[in-house]
Amino acid sequence: MTQSHSQQLRERLIQRYSEVQQGSWQQHLHFYLKRLTWLLTVRGTVLAKRLFDIVVSSVLLLLFLPFFLLVALLIRLESPGPVLFSQIRVGRWGSLFTFWKFRSMYIDAEARKAKLDMENEMQGGVLFKMKHDPRITRIGRFIRKASIDELPQLWNVLKGDMSLVGPRPPLPTEVDQYSFADRRRLEVIPGITCIWQISGRSDIPFKQQVELDVAYIESQSFWQDLKILLKTIPAVILGRGAY
């Protein structure tokens with residue numbers, strides 16, 4: 001867009017609002033009704049999404065409680081250490097929160113990561129992924145493949161740190177490497193599942209993950225979230241791109 005074209009658009013916008021100020025009471029009423037409709041639509045969508053998150057996460061946490069206990073027992077039987085793994089992740093507008101998962105790695109995984117950095121298989125270099133990561137336990141490999149390790153994040157959803165659908169929450173070290181365009185992912189509440197997770201998961205290069213997340217942000221709606229949630233089920237069952 002040229003500077004002259006941008007200036008013309010700006011002047012047209014200013015003129016449009018000045019006409020509202022100078023118009024009749026009918027024009028004023030029409031303008032404020034349109035503004036009210038827009039606000040109600042935007043805020044209503046946000047409220048519906050939050051209420052849906054609360055109801056679904058509460059129900060699933062109660063239903064999955066016996067299963068959670070079984071997974072916890074299997075993790076403890078295979079390797080010593082805590083059942084749950086927590087990390088600081090970056091949420092909407094850069095806010096930090098504690099992110100929960102079932103532990104799928106040995107307790108010295110972070111210490112061993114430095115030796116494996118050169119074997120990173122994720123294109124783009126921001127994320128670290130290995131198909132045959134030696135830090136992952138046997139039960140850990142299974143719960144990762146089935147995305148069971150992500151289920152404790154239902155607690156994050158209930159608290160409001162996360163949503164059921166949204167871009168995956170990054171680590172602070174990952175955000176440090178973001179370009180200005182990448183930071184658009186931080187404009188919305190992060191989610192348990194997202195558009196690229198139903199399209200190939202870890203097989204999708206980081207740059208394409210960002211593009212898909214931005215496309216989601218620009219077109220997000222309550223119905224789109226429902227579609228993503230429904231498509232997540234076969235994606236998890238097939239396990240394509242999960243490691």
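Things to note:
- Some residue of the range 46-54 being in contact with a Pro (Cβ under 8 Å, 6 or more places away or on another chain), modelled with pLDDT of 95 or more, outside any loop (DSSP other than H, G, I, E, B) and under 30 Å from residue 176 (Cβ atoms): no
- Residue check: residue 59 meets all listed conditions (1) over 30 Å from residue 173 (Cα atoms); (2) in contact (Cβ under 8 Å) with a residue 60 or more places away in the chain but one, namely (2).
- Residues of the range 141-189 satisfying the condition of being in contact (Cβ under 8 Å) with a residue 24 or more places away in the chain, assigned to a helix (DSSP H, G or I), under 26 Å from residue 110 (Cα atoms) and not aliphatic (A, V, I, L, M): 141, 144, 145, 149, 150, 153, 155, 156, 172, 174, 182, 185
- Going through (1) under 24 Å from residue 51 (Cβ atoms); (2) in a helix (DSSP H, G or I) one by one, residue 212 falls short only on (1).
- Of the candidates 42, 59, the single residue that is at pLDDT 95 or above, within 23 Å of residue 223 (Cα to Cα), among the hydrophobic types (A, V, I, L, M, F, W, C) and part of a helix (DSSP H, G or I) is 59.
- Per the listing 174, 150, 211, the residue uniquely more than 18 Å from residue 88 (Cβ to Cβ) and of a type in the set (Asp, Glu) is 211.
- Residues of the range 62-85 classified as modelled with pLDDT under 95 and of a type in the set (Gly, Ala, Ser), total: 2
- Given (1) in contact with a helix residue (DSSP H, G or I) (Cβ under 7 Å, 6 or more places away or on another chain); (2) at pLDDT below 90; (3) under 30 Å from residue 48 (Cβ atoms); (4) charged (D, E, K, R), number of the condition residue 129 does not satisfy: (3)
- Number of the exception - residue 98 against (1) surrounded by fewer than 16 Cβ atoms within 10 Å (Cβ to Cβ); (2) farther than 21 Å from residue 191 by Cβ; (3) at pLDDT 95 or above: (2)
- Answer residue from the range 180-222, given it is farther than 29 Å from residue 132 by Cα and among the hydroxyl-bearing types (Ser, Thr, Tyr) and is surrounded by the fewest Cβ atoms within 10 Å (Cβ to Cβ) among those: 219
The values are calculated or read from the model by the stated rules, or taken from the named source; none is laboratory data. Because the structure is a prediction, the values reported are computed rather than measured. Don't worry about glycine lacking a Cβ; one is built from the backbone with ideal geometry, like all the others, and counts go over all protein chains shown.
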